[in-house]
Amino acid sequence: MAPEKREWSVPGPIRALLWWPGVAFVLVMVAPEAAAAGIAASGAALMMLGAVVPIVSRRLRRPRPTPPRSIDDRPTVEMPTVEIPPVGRVA
């Protein structure tokens, strides 16, 4: 049987860089004399943010290891006996 294909998604750094044109436009409007350095710095900051956030979110979602339980500590469930009455006639 063929393996299932995983859906492809845009990597985090590239997804963060999709905000770069808007951020660059705002930087040029706010401070046109410092736009070149600000645009380069904002691109680098967005790329770092896009690389760090997925790593941190994966680490936070990782299941915590539970301590092993002893054999005597297993939960038990007692189920009541249920009797089903016989059916006289089936439709």
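The values are calculated or read from the model by the stated rules, or taken from the named source; none is laboratory data. On a predicted model such as this, the values are computed, not experimentally measured, just so you know. Cβ sites come from the backbone with ideal geometry, for glycine too, and all protein chains shown count toward neighbours. Each accessible area value is taken on the protein alone, full model and side chains, heavy atoms only, with ligands, DNA and RNA left out. Shrake-Rupley method; radii C 1.70, N 1.55, O 1.52, S 1.80 Å.
A few notes on this one:
- Residues located in the stretch 22-40, provided they are hydrophobic (A, V, I, L, M, F, W, C) and open to solvent by less than 80 Å² (accessible area, probe 1.4 Å): V23, A24, L27, V28, A31, A34, A35, A37, I39, A40
- Residue match in the stretch 10-21 (condition: of a type in the set (F, W, Y), free of Cβ contacts under 8 Å to residues at least 40 places away in the same chain, touching a Gly at 6+ places or on another chain (Cβ under 6 Å) and open to solvent by 50 Å² or more (accessible area, probe 1.4 Å)): yes
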